[in-house]
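Undergrad: Input: one structure, supplied below.
The values are calculated or read from the model by the stated rules, or taken from the named source; none is laboratory data. Here the structure is a predicted model, which means the values were calculated and not measured. All Cβ positions, glycine included, derive from the backbone under ideal geometry; neighbour counts span all protein chains shown. Note: areas computed on protein heavy atoms with side chains; ligands, DNA, RNA excluded. Shrake-Rupley method; radii C 1.70, N 1.55, O 1.52, S 1.80 Å.
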Amino acid sequence: MKKIVAVLAGGILLGAIAASHAKLPAPPPKSDAEKAAEADKAAAAKAKDAADLGKAQDRAVANYKKSHASMAAKKR
């Protein structure tokens, strides 16, 4: 019984090792339309990120000005 379990465990181990070293096939090359769509998507994401950054900076400046003005009023 122990030999059967040992042989099965060894077979499973060899199968796992072989599967971990298997090489996947290369993905098919992208067409020009797919490349253009990805470029457009990346450009839109970059523009959105820039707009979000600008809004965050504007909020930070407004918050700083508001708290700075209240701190100046407290010092008097």
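Undergrad: Of the conditions (1) of a type outside the set (Val, Ile, Thr); (2) modelled with pLDDT of 90 or more; (3) open to solvent by less than 90 Å² (accessible area, probe 1.4 Å), residue 69 fails just one. Which one is it?
TA: Result: residue 69 fails condition (2) only.
Undergrad: Here is a further query. Of all residues in region 19-55, which are assigned to a helix (DSSP H, G or I) and of a type in the set (D, E, K, R)?
TA: Result: 32, 34, 35, 38, 40, 41, 46, 48, 49, 52, 55.
Undergrad: Please give the number of the condition residue 14 fails out of (1) among the hydrophobic types (A, V, I, L, M, F, W, C); (2) loosely packed, with under 10 Cβ neighbours inside 10 Å; (3) more than 24 Å from the chain's Cα centre (by Cα).
TA: All conditions are met except number (2).
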